[in-house]
1. Of the residues in the stretch 59-83, how many are open to solvent by 40 Å² or more (accessible area, probe 1.4 Å) and of a type in the set (S, T, N, Q)?
2. Of all the residues that make up the stretch 290-321, how many are in a helix (DSSP H, G or I) and within 24 Å of R248 (Cβ to Cβ)?
3. Go through the residues of the stretch 238-249 one by one and say whether even a single one is over 21 Å from the mean Cα position of the chain (by Cα) and either touching a residue at least 12 places away in the same chain (Cβ under 8 Å) or not in a loop (DSSP other than H, G, I, E, B) (or both).
4. Give the number of residues within the stretch 255-268 that are farther than 16 Å from L215 by Cβ and open to solvent by less than 30 Å² (accessible area, probe 1.4 Å).
5. Return the total of residues in the stretch 1-19 being without any contact (Cβ under 8 Å) to a residue 12 or more places away in the chain, of a type outside the set (S, T, N, Q) and open to solvent by 40 Å² or more (accessible area, probe 1.4 Å).
6. Out of the residues in the stretch 317-373 that are among the basic types (K, R) and under 23 Å from A247 (Cα atoms), which is least open to solvent (accessible area, probe 1.4 Å)?
7. From the list H289, H345, H311, H300, exactly one residue is at positive phi and either under 25 Å from the mean Cα position of the chain (by Cα) or not aromatic (F, W, Y) (or both). Which is it?
8. On the basis of being at pLDDT 95 or above and out of contact with any helix residue (DSSP H, G or I) (no Cβ under 6 Å at 6 or more places or on another chain), does Q393 make the cut?
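The values are calculated or read from the model by the stated rules, or taken from the named source; none is laboratory data. All figures in this text were calculated on a predicted structure; none of them were measured in a lab. Cβ placement follows ideal geometry from the backbone for every residue including glycine, while neighbour counts extend to all protein chains displayed. SASA here: full protein model, heavy atoms, side chains in, ligands and nucleic acids out. Shrake-Rupley method; radii C 1.70, N 1.55, O 1.52, S 1.80 Å.
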Amino acid sequence: RIFSFLDVVTLCRCAQVSRAWNVLALDGSNWQRIDLFDFQTDIEGRVVENISKRCGGFLRKLSLRGCLGVGDNALRTFAQNCRNIEVLNLNGCTKITDATCTSLSKFCSKLRHLDLASCTSITNLSLKALSEGCPLLEQLIISWCDQVTKDGIQALVRGCGGLRALSLKGCTQLEDEALKFIGAHCPELVTLNLQTCLQITDDGLITICRGCHKLQSLCASGCSNITDAILNALGQNCPRLRILEVARCSQLTDVGFTTLARNCHELEKMDLEECVQITDSTLIQLSIHCPRLQVLSLSHCELITDDGIRHLGNGACAHDRLEVIELDNCPLITDASLEHLKSCHSLERIELYDCQQITRAGIKRLRTHLPSIKVHAYFAPVTPPPSVGGSRQRFCRCCIIL
């Protein structure tokens with residue numbers, strides 16, 4: 001009973017004390033959750049095989065994140081021995097191929113969470129296997145598995161309709177057709193990551209909005225083809241939305257964000273970096289309609305001014321919610337904005353890189369009201385850089401973290 005509270009490292013140490021302790025420490029019931037990332041990632045496949053034989057049916061959660069030496073053979077043995085596994089993290093296990101997913105499909109029907117990020121040999125065959133053998137799958141991460149296409153997604157969602165979280169970040173072959181399958185078969189979807197899926201357009205995402213009304217988190221950063229039609233669809237169909245990341249989506253405007261803010265009152269985090277068309281009008285709408293806003297990135301939104309920050313600082317989220325605001329490369333922002341943020345008592349961090357009208361004095365005044373805040377900024381050197389050997393040296397600006 002006492003040993004069941006110990007972590008992996010401590011159990012291994014205890015196992016070396018005596019034969020009796022070795023038996024107790026290595027009892028499979030003590031090894032229901034194993035994460036090797038902070039312990040040892042340069043393990044060989046035989047270690048995973050030994051763990052699986054020791055833990056057997058007790059093991060519920062295993063993380064092999066970053067274990068580059070683990071391949072299909074070891075995971076086949078693991079799947080055969082640990083049939084009650086529910087959470088499996090294989091992020092960065094680059095030797096993994098479709099054979100591993102075939103093994104999981106055959107032996108691990110209770111699997112709920114699977115992370116295959118950066119397992120670049122994974123193809124549509126893996127998704128078809130998971131669909132056939134892992135019907136309880138709720139979370140699947142296949143970020144940077146760039147061989148996956150719409151055919152794999154179609155196979156997956158037909159057998160795993162209970163998916164709640166799906167990360168397709170960096171799956172560059174995916175088109176709107178894949179999203180239409182998700183929208184049609186995954187009504188329970190809560191989290192969707194489509195970052196850098198460059199072929200995605202309004203058509204696919206609108207289908208998601210209409211079919212996945214429980215959606216709370218959407219990342220479409222880098223999907224440069226999307227327009228305000230997406231924001232309108234989110235506002236009309238996904239009132240529970242809490243996180244929206246649309247960095248580098250330069251076609252989005254104040255009109256779309258107005259519709260979004262007026263309908264999605266539970267928004268907590270928004271990444272609008274390089275949404276270059278938005279103005280203070282968006283901030284006004286967010287300040288009025290989004291009282292739960294905690295994190296807001298406006299970096300490279302060059303039309304934002306002090307007036308927009310003033311409304312944000314006076315908004316419903318300002319006093320006890322707003323924690324992070326990023327304003328890098330907002331050239332119209334001045335020290336007046338910092339004055340407007342003094343009332344944001346929960347503010348923990350503010351980014352001001354390359355805001356050339358922000359001064360050290362303005363930052364110091366802000367810190368007198370918010371002593372614990374972290375301010376990230378940089379300023380040009382006061383004196384010109386010296387010349388050496390007749391040629392002028394290159395100097396980067398001085399980064400300060402106050």
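1. First pass over the stretch 59-83, keeping only residues open to solvent by 40 Å² or more (accessible area, probe 1.4 Å): 60-61, 65, 68, 73, 76, 80-81, 83.
From the residues that got through so far, the ones that are of a type in the set (S, T, N, Q) too are 73, 80-81.
The number of residues fulfilling the criteria is 3.
2. Here is the first cut: in the stretch 290-321, the ones in a helix (DSSP H, G or I) are 306-313.
After this cut, where a residue has to be within 24 Å of R248 (Cβ to Cβ) as well, the list is 308-309, 312.
Here the count works out to 3.
3. In the first step, residues of the stretch 238-249 are kept if they are over 21 Å from the mean Cα position of the chain (by Cα); the result is none.
For the stretch 238-249, residues over 21 Å from the mean Cα position of the chain (by Cα) and either touching a residue at least 12 places away in the same chain (Cβ under 8 Å) or not in a loop (DSSP other than H, G, I, E, B) (or both): absent.
4. The number of residues fulfilling the criteria is 4.
5. Keep residues of the stretch 1-19 that are without any contact (Cβ under 8 Å) to a residue 12 or more places away in the chain, which gives 1-2, 5, 7, 10, 13-19.
Applying the additional criterion that residues be of a type outside the set (S, T, N, Q) yields 1-2, 5, 7, 13-15, 17, 19.
Those left that are additionally open to solvent by 40 Å² or more (accessible area, probe 1.4 Å): 1-2, 5, 7, 13, 17, 19.
Number satisfying all stated conditions: 7.
6. Filtering the stretch 317-373 for residues among the basic types (K, R) gives 321, 342, 349, 360, 364-365, 367.
Next, from what is left, pick out any that are under 23 Å from A247 (Cα atoms): 321, 349.
Details: R321: 91, R349: 69 Å².
Step by step, filter the stretch 317-373, then rank; the result is R349.
7. Values: H289 fails: at positive phi; H345 fails: at positive phi; H311 fails: at positive phi.
Step by step, each of H289, H345, H311, H300 is checked, and only H300 is at positive phi and either under 25 Å from the mean Cα position of the chain (by Cα) or not aromatic (F, W, Y) (or both).
8. Numbers: at pLDDT 95 or above: no; out of contact with any helix residue (DSSP H, G or I) (no Cβ under 6 Å at 6 or more places or on another chain): yes.
Judged against the criteria, Q393 is not a match.
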